[in-house]
1. Along the Cα-to-C-beta direction of B:ASN13, a point sits 7 Å from the Cα; which residues of region B:114-147 have their amide N less than 11 Å from that point?
2. Do any residues of region A:19-38 show a loss of at least 50 square angstrom of accessible area between the isolated chain and the full protein assembly, using a 1.4 Å probe, and if so which?
3. Just to verify a number: what accessible area does B:LYS149 come out at with the full protein assembly present, 1.4 Å probe, Å² rounded to tens?
4. Percent of accessible area on the protein assembly as shown owned by carbon and sulfur, 1.4 Å probe?
5. For region B:124-193, what size does the Cα cloud have along each of its three principal axes, sorted from largest down, in whole Å?
6. Would you jot down the residues in region A:149-183 that end up with at least 40 Å² less accessible area in the complete protein assembly than in the chain alone, with a 1.4 Å probe?
7. Taking the Cα atoms of chain B, report the difference between the largest and smallest coordinate on each principal axis, in whole Å and largest first.
8. Distances over 43 Å make up what percent of all Cα-Cα pairs in the protein assembly as shown?
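The values are calculated or read from the model by the stated rules, or taken from the named source; none is laboratory data. What you see is a predicted model, and the numbers here were worked out from it, not measured in a lab. A quick note on method: Cβ atoms are made from the backbone with ideal geometry, for glycine too, and the neighbour counts reach across all protein chains shown. Accessible surface is based on the protein model in full, side chains and every heavy atom, while ligands, DNA and RNA are left aside. Shrake-Rupley method; radii C 1.70, N 1.55, O 1.52, S 1.80 Å.
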Number of protein chains: 2
Amino acid sequence: MKIPVVKEILNANDQVADEIRAEFKEHSVFVLNMMASPGAGKTTFILATLDRLPQGTRPGVIEGDLASSIDADTISARGVPVVQINTGGGCHLDAPMIKSALPHLPVPELDLLFIENVGNLVCPANFDVAADLAVVVASVPEGHDKPYKYPGMFTVADVVILNKADMIEVFEFDVDYFRRGVEMVNPDTPLFVVSAKTGAGISEWIEWLSSQQG
Amino acid sequence: MKIPVVKEILNANDQVADEIRAEFKEHSVFVLNMMASPGAGKTTFILATLDRLPQGTRPGVIEGDLASSIDADTISARGVPVVQINTGGGCHLDAPMIKSALPHLPVPELDLLFIENVGNLVCPANFDVAADLAVVVASVPEGHDKPYKYPGMFTVADVVILNKADMIEVFEFDVDYFRRGVEMVNPDTPLFVVSAKTGAGISEWIEWLSSQQG
């Protein structure tokens with residue numbers, strides 16, 4: 001008698017993620033999943049990055065929001081290809097949503113794709129959207145205790161951005177306490193302290209990002 | 001032949017919510033469900049409210065977080081009865097969690113119970129925790145577009161607090177644009193512009209709150 005071996009079957013999201021990962025790989029598109037609380041400054045950070053990318057880089061953006069096209073309009077005004085996904089109340093993006101957005105982007109012509117997830121420091125951490133890097137953007141006004149309170153998100157981060165650094169003194173933000181919180185759940189994750197508004201720290205981040213693209 | 005009438009059956013969460021609502025009513029406890037993004041200042045706002053409650057008010061607090069007891073420790077230091085619920089990754093509080101917390105609070109001796117939900121501007125909107133008022137706390141550094149991007153949360157609000165008002169100029173926050181966004185989804189909701197840090201606007205909020213308690 002043969003003992004049946006039950007193989008792990010991928011769930012529907014992971015199956016679709018694998019499909020689109022293959023498409024990204026075929027066209028050498030490097031993909032970032034940008035995750036953060038509402039109002040941490042994801043869009044402003046993406047804009048600051050777009051403005052300083054190495055000459056010749058061809059970026060694209062997928063914007064995820066429950067409603068509105070406010071962020072996509074902002075990106076589009078820069079002349080960058082962008083698609084808005086409205087989740088209609090859903091708390092995160094998933095792979096099927098990304099798949100449905102791709103026909104609206106010139107994928108073969110892109111080098112770098114930013115997926116701006118729904119503003120939520122909890123749910124997006126659990127869904128594969130076929131990104132090469134999970135980028136968690138925290139911001140100074142949220143307070144330095146976030147890694148301790150939202151460990152799941154900081155655990156999945158491949159890189160942590162601390163944005164609105166120009167407000168560190170105003171908010172009496174303890175960068176070392178924040179850094180220790182990140183290291184506690186995710187010891188080797190790089191942390192970039194930046195201000196998307198002033199541009200401080202952005203070139204260091206871009207240098208690191210370029211080193212990751214293979 | 002009698003045609004069977006299928007009555008709407010309450011889901012498990014709503015059943016438990018009704019149970020604990022009855023318990024709150026029996027003991028005349030007025031309950032606030034405090035919802036906000038991570039770092040909007042819910043705890044600081046609760047503390048500012050506790051400090052200015054009418055003489056003789058007996059408050060209690062339930063703190064909801066994915067992990068840690070940072071907020072409960074802060075509340076406890078004020079000598080206010082508090083219970084910390086750790087959701088272990090869950091993105092919202094639900095009625096069974098509140099039910100499990102109640103034996104740890106002196107419910108019959110309370111007048112006012114603050115339920116500080118998980119920091120999340122999406123999921124908590126959909127779960128009844130037997131509160132009398134849904135209080136949505138937005139904060140200036142998050143930006144004035146939040147009601148447009150997260151309409152679900154602002155739709156369920158019985159009252160909206162705009163916190164960190166001392167930062168309105170620094171962040172070039174457009175209060176009218178924010179107010180119009182709230183009114184668009186929820187026309188008659190009162191809005192209080194406050195700074196939990198400086199205390200500005202807190203007494204107006206408390207006056208209104210007192211008028212709501214039966």
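1. In region B:114-147, the label zone of B:ASN13 (backbone N under 11 Å from the point 7 Å along Cα→Cβ) covers B:123-130.
2. A:PRO38
3. Its accessible surface works out to 20 Å², give or take rounding.
4. About 51 percent, which is the carbon plus sulfur part of the accessible surface.
5. Answer, in whole Å and largest first: 37, 21, 18 Å.
6. A:LYS149, A:TYR150, A:MET167, A:VAL170, A:PHE171
7. 68, 45, 35
8. 16
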